[in-house]
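This report concerns only the one structure given below.
The values are calculated or read from the model by the stated rules, or taken from the named source; none is laboratory data. Everything quoted here is computed from the prediction, not taken from an experiment. Please note: Cβ atoms are built from the backbone with ideal geometry, for glycine as well, and neighbour counts cover all protein chains shown.
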Amino acid sequence: MEFALSEEQRLLQDSVRRFLEQNSPLDKVRLAAGNTHTVQRSLWAGASELGIPGMLIPEDFGGMGLGFLDAAIVYEMFGRYVAPLPFLGTAVMAPLALMLAGSEAQQEKWLPKIAAGEIIAGVAVTESIGVREGAGVKAGKGTLTGKALFVVDWAEADLYIVADSDHGFHLVLPDAKGLSRRALDTIDKTRSVGELVFDQVSAEPLPRSSADAVARVIDAGRVMLAADTLGAGQMMIEKAVAYAGERKQFGRVIGSFQAVKHLCAEMAAALEPSRSLVWYAAHALDEVPGDARLMACHAKSHLSEVGRFVARTATEVHGGMGFTDLLGLHYWFKRIGFDRQLLGGPELVRLEAAHLQGWAA
Amino acid sequence: MKEADNSVFCPPGEIHYNKNTITRIVAAKGQQMDIELTKEDDAFRAEVRRFISEKLPRELAERETVGASGERGALRRWQKDLHEKGWVAVNWPRQYGGTGWTPMQKHIFNEEMAAANAPRLSPFGLSMVGPVIYTFGNEEQKKQHLPGILSGDVWWCQGYSEPGSGSDLASLRTRAVRQGDHYIVNGQKIWTSYAHEADWIFCLVRTDETAKPQEGISFLLIDMKTPGIEVKPIISIDGLHHLNEVFFTDVKVPVTNRIGDENKGWTYAKFLLVNERTGIAGVPESKRKIAHLRKIARQERLGDGTALADDLAFMTKLSEIEVKLTGLEYTNLRIVADEVAGRPAGPSSSTLKIVGTEVQQALSELAVEAAAFYAMPFQREHLMGIANEAPVGPAYAVSVTSAYNFGRAASIYGGSNEIQRNVIAKAVLGL
């Protein structure tokens, strides 16, 4: 890997940046945040024109056949603009599950629809990361029973991909008998998660499912969350620096005070090296399978910590304004907070990394 | 209360010091701290416990435990009960309705209140403007305002910050122009917590445009019902309404509502800030949160069935915070001892504010860590204490993220921690 983005990748990132800048400004995000559990159809249609839902899907199925690094730099932009779109489940985790574990027929049926932006695909894998409080999904003969929490891209999903407790993936249709769905409001209003309760719900297994396939879907999700935090964090730094250059106290802009300068510099010093980690983790998903899982853990846990530091510090630089709804900085703050907890908090992920390296029993 | 809950956390196998042992050790070392547990103190502690068990509504304590705000009516009744017992104004002099307790009694009282999850009373009257009124106000003002503050019948809010005057508070521009027996007040305040529920506001206003900024400020008490006052909500990061903007348009305030001398308001304002900062340090509250977190750590099971309390990384973090907090606690006692001995407490309130808010933020961070996935849900009804259904996830997890998010404000309000460092650099280190 040449340690830089290619010309094509820069163009891709630029076009996504322009698209979101124009089509998903803060006032649109704010409106979307009031309807967390609805899909912003026109925005998703625009993203579909750019090929985003199918970016990881092979060209044979109508996708772009790009790699995870491409997906990561796109999701970085989503984070940057706190885009209220179902990218993580629909464009990354669900297609990957289908590609790794689905039958040809399943792939032919669903991947082209995802690639075209026609359907939303929710993904339930949280129970494979840490089960608590009676959650967990058991597979019987062609049915699922149990409860899945924090289902990614829950809202208006046309299809759910659900991992059971034995590392099997299943396709579940939202109108399946015995399935109850419950929206879950979270701190982050730009992405939808929810709960699925299964009572003998008929489900179609993905025949090539394996523990490895489930893990790879989670790895990919984690790298994407790290990329999202990277973009959101970068934006928070830019906002903080801009605010420090405008806000005056004691007759000078606050950015002229060393205390404030250092806050800004510390953020930059923490975030910039993380970019390389995210890139390498995404690249490893594509090209260095032996490194992929560990790097996904590293990127997820490190960006969680750096992201939190940046989120807090940028808020501090904004003074009182930083924690008002009016300014909207909190959308970034919460996006980073949500990224941190989803698919495993850094403490848990670091422990996984220690296990992977044989450092923990 | 069990002895263990009172103890300083130590890794297993080490000696378990509890508060009383440490107090005795500190006292035995002959430091200038007039604190030693006597029989009277033990009896006092028993009396406080009895009062709490009789009067503190269980529901208030429970809501406090999970971080939901208490229902207003219940809070008022609790304050009334404390007031009737004469225990509402712990730090006020006895002549104004305070307790006249020894520092040790105050310490015991605060400790017991925190241990019982008693909610903190609104500080604006009791800790902030009350002391200003009895220290700098005239007899009329004391008579008019102190009883309402003590009984909780009159709620106050604080009119300090303005849009252009946060860290640089002395640059404030809300003007009060003298017109006969009145001031005519025009301007705007911001970040005014609970202005929408308050009966009165204490306000810093500019009464001399020509003097140096600090020398042209006066301290006014303003009835919120006065025509020309408009309150607009500011929704904060937790999605709730605590904060406000307050607009003043030709508000007529009797000159008799001014505290002390015209243009001397900065002196009174700073006096209040010292109390505010000490209060913000929130040591008893943090202590309670540590006890609560330790309880959670024992209950919470990880995926493999072990308790969070077995997770050395988590418990080490908790322990580090507790050590910091213990330092703060004794710093508080030292300040009290200094006050009793007539030595000025000085800028130590800045240190307390920095470390106290850092401890609060670190604790809120650990609570999010304990809740893990369950830190994500935002459950408004549960936060407001008006939910009918069971929450998603454990009850304690409901408020952890809101507390973490809103807790970011702690390093900003009451003078940002950056400003406090400047105060220390200047006033303590002479830089």
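I want to confirm something. Restricting to the stretch A:146-158 and keeping residues that are within 24 Å of B:Arg301 (Cα to Cα) and not hydrophobic (A, V, I, L, M, F, W, C), which single residue is farthest from the other protein chains (Cβ to nearest Cβ)?
A:Gly146
Can you tell me which residue in the stretch A:242-253 is nearest to the other protein chains (Cβ to nearest Cβ), limited to those that are of a type in the set (A, V, I, L, M) and free of Cβ contacts under 8 Å to residues at least 40 places away in the same chain?
Checking each candidate, the answer is A:Val253.
Does B:Arg294 satisfy the condition of being touching a residue at least 24 places away in the same chain (Cβ under 8 Å), more than 25 Å from B:Ala176 (Cα to Cα) and away from chain A (no Cβ under 14 Å)?
Against the criterion (touching a residue at least 24 places away in the same chain (Cβ under 8 Å), more than 25 Å from B:Ala176 (Cα to Cα) and away from chain A (no Cβ under 14 Å)), B:Arg294 qualifies.
Let me confirm something: among A:Ile161, A:Ile119, A:Ile114, A:Ile129, which residue is touching a residue at least 12 places away in the same chain (Cβ under 8 Å) and within 14 Å of chain B (Cβ to nearest Cβ)?
The conditions single out A:Ile129.
On the basis of being surrounded by 22 or more Cβ atoms within 10 Å (Cβ to Cβ), at the interface with chain B (Cβ under 8 Å from one of its Cβ atoms) and more than 21 Å from B:Ala362 (Cβ to Cβ), does A:Leu342 make the cut?
Here the answer is yes, as A:Leu342 does meet what is asked.
Could you check, for the stretch A:89-102, whether at least one of its residues is part of a loop (DSSP other than H, G, I, E, B) and buried (at least 24 other Cβ atoms within 10 Å of the Cβ)?
Taking every residue of the stretch A:89-102 in turn, at least one turns out to be part of a loop (DSSP other than H, G, I, E, B) and buried (at least 24 other Cβ atoms within 10 Å of the Cβ).
From the residues in the stretch A:180-190 that are basic (Lys, Arg) and within 10 Å of another protein chain (Cβ to nearest Cβ), which one is nearest to the chain's Cα centre (by Cα)?
Of everything passing the filter in the stretch A:180-190, A:Lys189 is nearest to the chain's Cα centre (by Cα).
Looking at A:Val317, A:Val349, which one is outside the structural domain of A:Val152 (by TED's automatic domain parsing), of a type outside the set (Lys, Arg) and within 19 Å of the chain's Cα centre (by Cα)?
Answer to the check: A:Val349.
Among the residues of the stretch A:103-139, count how many are outside any loop (DSSP other than H, G, I, E, B) and either under 30 Å from A:Gly328 (Cβ atoms) or of a type outside the set (Phe, Trp, Tyr) (or both).
Qualifying residue count, the stretch A:103-139: 22.
Condition first: touching a residue at least 60 places away in the same chain (Cβ under 8 Å), among the aliphatic types (A, V, I, L, M) and either more than 7 Å from chain A (Cβ to nearest Cβ) or not in a helix (DSSP H, G or I) (or both). Now tell me which residues in the stretch B:382-417 satisfy that.
B:Leu383, B:Met384, B:Ala395, B:Val398, B:Val400, B:Ala403, B:Ala410
Could you list all residues from the stretch B:72-86 that are within 18 Å of the chain's Cα centre (by Cα) and either charged (D, E, K, R) or within 19 Å of B:Met128 (Cβ to Cβ) (or both)?
Residues satisfying the conditions are B:Arg72, B:Leu75, B:Arg76, B:Gln79, B:Leu82.
Considering only residues that are within 15 Å of the chain's Cα centre (by Cα) and among the β-branched types (Val, Ile, Thr), which ones fall in the stretch A:275-309?
Across the stretch A:275-309, the qualifying residue is only A:Val278.
Please state which of the following conditions A:Asp291 fails to meet, knowing it meets all the rest: (1) free of Cβ contacts under 8 Å to residues at least 40 places away in the same chain; (2) within 12 Å of chain B (Cβ to nearest Cβ).
Going through the list (1) free of Cβ contacts under 8 Å to residues at least 40 places away in the same chain; (2) within 12 Å of chain B (Cβ to nearest Cβ), A:Asp291 breaks only (2).
Condition first: touching a Ser or Thr at 6+ places or on another chain (Cβ under 6 Å) and part of a loop (DSSP other than H, G, I, E, B). Now tell me which residues in the stretch B:244-294 satisfy that.
B:Glu262, B:Asn263, listed by residue number.
Could you check the stretch B:73-122 and list, in sequence order, the residues that are touching a residue at least 24 places away in the same chain (Cβ under 8 Å), assigned to a loop (DSSP other than H, G, I, E, B) and among the hydroxyl-bearing types (Ser, Thr, Tyr)?
B:Thr102, B:Ser122
Would it be correct to say that A:Ser256 is in the same structural domain as A:Arg308 (by TED's automatic domain parsing), among the polar types (S, T, N, Q), within 21 Å of A:Phe3 (Cα to Cα) and surrounded by fewer than 22 Cβ atoms within 10 Å (Cβ to Cβ)?
So A:Ser256 does not fit the description; no.
List every residue pair whose Cβ atoms sit under 9 Å apart, with the two residues 6 or more apart in sequence or on different chains, where the first one lies in the stretch B:164-189 and is more than 14 Å from every other protein chain (Cβ to nearest Cβ) and under 13 Å from B:Asp250 (Cβ atoms) and the second, anywhere, is part of a helix (DSSP H, G or I) and of a type outside the set (Ser, Thr, Tyr).
Sorted first by the residue in the stretch B:164-189, then by its partner, the pairs are B:His182/B:Val255; B:Tyr183/B:Val255; B:Tyr183/B:Asn257.
Against the definition (assigned to a loop (DSSP other than H, G, I, E, B), at pLDDT 95 or above and not hydroxyl-bearing (Ser, Thr, Tyr)), how does B:Asp238 come out, yes or no?
no
Only one of these is crowded, with 21+ Cβ neighbours inside 10 Å, within 11 Å of chain B (Cβ to nearest Cβ) and touching a Leu at 6+ places or on another chain (Cβ under 8 Å): A:Val278, A:Val310, A:Val317. Name it.
Criteria check complete, one pass: A:Val317.
Yes or no: the stretch A:237-250 includes at least one residue that is assigned to a helix (DSSP H, G or I), within 23 Å of A:Asp27 (Cβ to Cβ), under 21 Å from the mean Cα position of the chain (by Cα) and outside the structural domain of A:Glu21 (by TED's automatic domain parsing).
Checked the stretch A:237-250: at least one residue is assigned to a helix (DSSP H, G or I), within 23 Å of A:Asp27 (Cβ to Cβ), under 21 Å from the mean Cα position of the chain (by Cα) and outside the structural domain of A:Glu21 (by TED's automatic domain parsing).
For the stretch B:362-407, name all the residues that are among the aromatic types (Phe, Trp, Tyr) and under 19 Å from B:Gly239 (Cα atoms).
Residues satisfying the conditions are B:Tyr374, B:Phe378, B:Tyr396, B:Tyr404, B:Phe406.
Do we have B:Tyr374 as within 11 Å of chain A (Cβ to nearest Cβ), of a type in the set (Ser, Thr, Tyr) and more than 18 Å from A:Gln341 (Cα to Cα) here?
Here the answer is no, as B:Tyr374 does not meet what is asked.
Within the stretch A:223-241, which residues are crowded, with 19+ Cβ neighbours inside 10 Å and either out of contact with any helix residue (DSSP H, G or I) (no Cβ under 8 Å at 6 or more places or on another chain) or within 14 Å of another protein chain (Cβ to nearest Cβ) (or both)?
Correct list: A:Leu225, A:Met236, A:Ala240.
Which is away from chain A (no Cβ under 11 Å), within 21 Å of the chain's Cα centre (by Cα), in a helix (DSSP H, G or I) and modelled with pLDDT under 75, of B:Ala367, B:Ala337, B:Ala362, B:Ala345?
B:Ala337
Scanning the stretch A:320-339 for residues that are facing chain B (nearest Cβ under 8 Å) and modelled with pLDDT under 95, which turns out farthest from A:Glu127 (Cα to Cα)?
A:Gly320
Does B:Lys225 qualify as being surrounded by fewer than 17 Cβ atoms within 10 Å (Cβ to Cβ), assigned to a strand (DSSP E or B) and either free of Cβ contacts under 8 Å to residues at least 40 places away in the same chain or under 19 Å from the mean Cα position of the chain (by Cα) (or both)?
So B:Lys225 does not fit the description; no.
Kindly establish whether A:Thr143 is of a type in the set (S, T, N, Q), within 12 Å of another protein chain (Cβ to nearest Cβ) and in contact (Cβ under 8 Å) with a residue 40 or more places away in the chain.
In short, no.
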